[in-house]
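One structure is given here, and the rest of the page talks about it.
The values are calculated or read from the model by the stated rules, or taken from the named source; none is laboratory data. Note that the structure is a prediction, hence the values are computed from the model and not measured. Counting neighbours? That spans all protein chains shown, and the Cβs are built from the backbone with ideal geometry, glycine included.
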Amino acid sequence: SLVVKSSYADELVKTAKTIASPGRGILAMDESNATCGKRLASIGLENTEANRQAYRTLLVTAPGLGQYVSGAILFEETLYQSTVDGAKIVDVLIEQNIVPGIKVDKGLVPLAGSNNESWCQGLDGLASRSAAYYQQGARFAKWRTVVSIPNGPSALAVKEAAWGLARYAAISQDNGLVPIVEPEILLDGEHGIDRTFEVAQKVWAEVFFYLAENNVMFEGILLKPSMVTPGAECKDKATPQQVADYTLKLLHRRIPPAVPGIMFLSGGQSEVEATLNLNAMNQSPNPWHVSFSYARALQNTCLKTWGGRPENVQAAQEALLIRAKANSLAQLGKYTG
Ligand code: 13P
């Protein structure tokens with residue numbers, strides 16, 4: 001038969017629906033050790049395993065986080081890590097009613113033959129790694145590749161990004177993990193919002209072409225798109241209403257309603273901007289759950305408030321819960337600022 005059905009099909013659909021549940025979204029806390037090091041450096045901390053553990057413990061133990069957060073994406077180190085008090089981080093998440101997820105890509109490297117663009121590594125050994133992550137408690141996965149507007153994007157870079165995402169998605173489903181499909185269209189550049197829209201249409205058309213070609217079950221995936229905005233260095237700024245209009249138009253044209261959830265990345269937007277834009281997109285009913293999968297837009301104030309000091313843990317957790325609640329309300333279209 002042409003239709004490949006994963007033995008995990010029913011579970012994948014259920015996992016995706018759980019993550020895309022009303023008023024909830026994803027906490028992305030899967031910074032690689034290098035990126036986590038930059039975050040820790042910003043508050044004057046060394047990039048040690050103990051400091052990463054202390055920070056991730058703070059995040060996952062925030063009381064009541066599961067009311068607003070349905071899934072947490074972890075870096076491999078964290079999936080196998082315990083809290084500072086010795087509880088398995090995976091168990092703490094499950095206790096909070098939060099589905100554990102895992103970043104499975106191996107990062108970006110230069111794409112030979114392109115215009116200074118990149119491609120995303122990680123397909124080698126992915127099936128066995130995915131099976132091991134499932135054993136360890138992960139139920140969804142993330143693969144982030146990027147597309148740069150100022151550098152093209154070249155047809156080659158778009159095709160490579162789309163193909164890699166589709167192979168990853170098929171392998172994830174085969175091993176019981178709901179794949180988050182993330183072709184991040186970087187904010188960098190002076191281009192206007194219409195140019196972003198044009199590139200996003202091209203990217204999502206190719207992504208869905210190859211997802212279909214690889215027999216990926218759309219009911220068992222989640223998407224992590226960039227919102228359609230002007231480039232970060234563009235002189236024209238867009239209002240939340242404009243961002244919502246462009247982004248929803250893109251989604252309507254390119255994303256089948258079989259896909260249960262659209263979980264946006266924040267991509268360098270400020271915390272409040274990311275919340276206002278999400279809220280604007282939820283002012284009328286959508287065919288998919290439209291929500292968040294933010295890292296920086298959930299963590300920035302929290303991290304700063306913590307500053308690496310044990311006495312600030314509670315205040316930092318409160319800061320995280322403020323952003324999580326605001327985005328939960330925005331998912332319901334009820335954020336008022
Ligand atoms: P930001 O929300 O900080 O863009 O990060 C989300 C993410 O996981 C990027 O892959």
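Within segment 141-160, restricting attention to residues that are touching a helix residue (DSSP H, G or I) at 6+ places or on another chain (Cβ under 6 Å) and within 16 Å of Val178 (Cβ to Cβ), the residue that is farthest from the ligand (Cβ to nearest atom) is Ala141. Being free of Cβ contacts under 8 Å to residues at least 60 places away in the same chain, under 23 Å from Glu318 (Cβ atoms) and in contact with a helix residue (DSSP H, G or I) (Cβ under 9 Å, 6 or more places away or on another chain) is a description that does not apply to Ser42. Restricting segment 171-186 to residues that are surrounded by 20 or more Cβ atoms within 10 Å (Cβ to Cβ) and hydrophobic (A, V, I, L, M, F, W, C), the residue that is farthest from the chain's Cα centre (by Cα) is Ile171. The set of residues in segment 229-266 being more than 12 Å from the ligand (Cβ to nearest atom), touching a residue at least 12 places away in the same chain (Cβ under 8 Å) and either within 13 Å of Leu187 (Cβ to Cβ) or in contact with an Asp or Glu (Cβ under 6 Å, 6 or more places away or on another chain) (or both) consists of Thr229, Pro230, Gly231, Ala232, Glu233, Cys234, Ala238, Val243, Ala258.
Exactly one residue among Glu117, Glu95 is among the acidic types (Asp, Glu), more than 15 Å from the ligand (Cβ to nearest atom) and in contact (Cβ under 8 Å) with a residue 40 or more places away in the chain, and that residue is Glu117. The C-beta contact set for segment 11-32 (first residue more than 21 Å from Gly333 (Cβ to Cβ) and hydroxyl-bearing (Ser, Thr, Tyr), second residue within 16 Å of the ligand (Cβ to nearest atom) and part of a loop (DSSP other than H, G, I, E, B), distance under 8 angstrom, 6+ apart or interchain) comprises Ser32/Phe75; Ser32/Gly107.
Meeting the requirement of 3 or more residues that are closer than 19 Å to Ala16 by Cα and modelled with pLDDT of 95 or more, no helices (runs of 4 or more DSSP H) wholly within segment 223-320 can be named.
Only one entry in Thr229, Thr239, Thr196, Thr247 is surrounded by fewer than 20 Cβ atoms within 10 Å (Cβ to Cβ) and either in contact with a Phe, Trp or Tyr (Cβ under 6 Å, 6 or more places away or on another chain) or β-branched (Val, Ile, Thr) (or both), namely Thr239.
Listed by position, the helices (runs of 4 or more DSSP H) inside segment 1-81 whose residues that are farther than 30 Å from Leu211 by Cβ number at least 2 are 33-42, 49-60. Could you tell me whether Tyr294 is of a type in the set (Phe, Trp, Tyr) and touching a strand residue (DSSP E or B) at 6+ places or on another chain (Cβ under 7 Å)? Yes; evaluated as a whole, the condition is true for this residue. As for segment 136-150, it holds at least one residue that is under 17 Å from the mean Cα position of the chain (by Cα) and part of a loop (DSSP other than H, G, I, E, B). Figure legend. Inter-residue proximity from segment 283-301: first residues closer than 9 Å to Ser266 by Cβ, second residues β-branched (Val, Ile, Thr) and within 12 Å of the ligand (Cβ to nearest atom), beta-carbon distance below 6 Å, spacing 6+ or different chains. Indicated pairs: Ser293/Ile26. Within segment 118-134, no residue satisfies the criterion of being touching a strand residue (DSSP E or B) at 6+ places or on another chain (Cβ under 8 Å) and of a type in the set (D, E, K, R).
Scanning segment 267-321 for residues that are closer than 12 Å to Tyr55 by Cα and within 13 Å of the ligand (Cβ to nearest atom) yields Gln299, Cys302, Leu303.
Selection of segment 321-337 for residues being within 23 Å of the chain's Cα centre (by Cα), outside any helix (DSSP H, G or I) and surrounded by fewer than 17 Cβ atoms within 10 Å (Cβ to Cβ) yields Leu332, Gly333, Lys334.
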